[in-house]
Amino acid sequence: MRTNSARVLVCAAVLCSAAAVSATQRVIPAEAWLARLPPLPTTAEAAYAQWIDASGGLKPGPEFEKVRDGIKSEVLLLSRTVERPTSAQGSVSRHDQVLTGRISVFPGTAVVLQNIQAARAAQAALTQKWNADLHALEQRRLRDRGALPACHNEAGAPSQLAIREVELAYVQQKAALAAQYVQQFKPVLQQLLTAVSPRIQHGDAVMSAWEELQNPGAQAQLAPVARGSEADALQDVSLVQDFVQGVSKLAARPVADRNAIRRVYAQAKGC
């Protein structure tokens, strides 16, 4: 019986220790997650390297997935309620008073949202222009493919080799177009970063101050403000990731198409 009681006490101590660690688990700053984001690619090939080609379907590569999963985990952690202590905590120390003064709601949300919307509008306009150029290329591809001479055989269709050459030529043009457009997206990405940076910096600063609080009562009271600010900062990082991923996927498409064409026409022959 004594042995069992001792085991129960040890297990209880371990559980209490684990609970304490969980309650004080530190969040990785939003700026650190921002630094982990894959860069905006400069070419179609660089964009393709950021994705996993699953039989022509592009899935986010491991670097994109690590950041997205990490942010989801952090936001989930921040959503947990910090329990208020049941016992009296005494007066707040001078150390905590200084830190408390640094914990506040971000004051410039309206401006940030307005600037985010402006960056999104610029992104949408540039994406629309890119898609229009791709559509024009596609129309020329269809015209050139339709003009291919037919072979003198029963099928009366152009040779597979001729078709492959037309397809590869247009894929190369689309890759060149991608390289041009990703350069144009650079200032738009910087516009978005400029828009969200104040809120990201604020969230990290507030969270850092909150984690240094020594008074459990003050920490529980200010948890919604600190955790909400950091959650907003992490969501802003997700906005930047969405931007990079959107541009990257469109830029990577020509390379995925080129690889698919090479597979389909691997045994292509002339007439």
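Estimate the FRET efficiency between residue 194 and residue 91 by the formula 1/(1 + (r/R0)^6), using the beta-carbon distance for r and 45 Å for R0, to the nearest 0.05.
E between residue 194 and residue 91, to the nearest 0.05, is 0.60.
So for the chain, Kirkwood radius off the Cα pairs, Stokes-Einstein at 4 °C and 1.567 mPa s: how many µm² s⁻¹?
57
At 1.4 Å probe radius, can you tell me the per residue accessible area of the range 197-247 in Å²?
Result: 32 Å² per residue.
Just reorder 74, 63 by solvent-accessible area, largest first, 1.4 Å probe, all chains present.
The residues order as 63, 74, largest area first.
Give the accessible area for residue 127 in Å² (nearest 10); use a 1.4 Å probe, count only protein heavy atoms, and leave out ligands, DNA and RNA.
The value for residue 127 is about 40 Å².
What do you get for trypsin sites (Lys or Arg not before Pro) in the range 121-191 restricted to DSSP loop and a cutoff of at most 13 other Cβ within 10 Å of the site's Cβ?
Taking the range 121-191 and a limit of 13 other Cβ atoms within 10 Å, no loop trypsin sites (Lys or Arg not before Pro) are found.
Per 0.36 nm of contour for each residue apart, how much would the distance between residue 267 and residue 176 grow if the chain were fully extended, relative to their Cα-Cα spacing?
Result: 30.1 nm gained on full extension.
Select from the range 59-123 those trypsin sites (Lys or Arg not before Pro) which occupy a DSSP coil region and have at most 16 other Cβ atoms within 10 Å, ordered by residue number.
80, 102
Could you look at the range 135-237 and say what percent of its accessible area is carbon and sulfur, using a 1.4 Å probe and all protein chains?
The C+S portion of the solvent-accessible surface of the range 135-237 is 52 percent.
Normalising by the residue count of the chain, find the relative contact order in percent from Cα pairs under 8 Å and 6+ residues apart.
37
Which of 34, 131, 209 sits closest to the plus end of the dipole of the chain, meaning its Cα is farthest towards the positive end, when Lys and Arg get +1 and Asp and Glu get -1 on the C-beta?
Looking along the dipole axis, the top candidate is 131.
Mind ranking 197, 159 by accessible surface for me, highest first, 1.4 Å probe?
197, 159
Once amide H atoms are placed 1.01 Å from N in the peptide plane, what residues at a sequence separation of 5 or more from residue 52, or on another chain, have their amide H within under 5 Å of its amide H?
Amide H neighbours of residue 52: 59, 61.
From the P(r) of the range 55-203, could you give the percentage of C-alpha pairs in the tail past 29 Å?
53
As I understand it, the dipole of the chain uses +1 on the Cβ of Lys and Arg and -1 on the Cβ of Asp and Glu, about the Cα centre. Which of 77, 220, 251 lies farthest toward its positive end?
Working it through, the farthest residue towards the positive pole turns out to be 251.
Please give the Cα centre distance for the range 68-131 versus the range 253-270, rounded to the nearest Å.
47
Which order do you get for 202, 95, 135 if you rank them by accessible area with a 1.4 Å probe, largest at the top?
Most to least solvent-accessible, the answer reads 135, 95, 202.
Given charges of +1 on the Cβ of Lys and Arg and -1 on the Cβ of Asp and Glu, with all other atoms neutral, how large is the dipole of the chain about its Cα centre, in debye to the nearest 20?
So the magnitude is around 400 debye.
Would you please classify the overall shape of the range 63-146 from the alpha carbon gyration tensor, given that a ≥ b ≥ c denote the square roots of the eigenvalues, rounded means a/c under 1.5, and beyond that prolate means a/b larger than b/c while oblate covers the rest?
Cα axes put the range 63-146 in the prolate bin.
The values are calculated or read from the model by the stated rules, or taken from the named source; none is laboratory data. Since the model is a prediction, treat every value here as computed from it, not as a measurement. No Cβ is skipped: glycine too gets one built from the backbone with ideal geometry, and neighbour counts run over all protein chains shown. Accessible surface areas use protein heavy atoms only, side chains included; no ligands, DNA or RNA. Shrake-Rupley method; radii C 1.70, N 1.55, O 1.52, S 1.80 Å.
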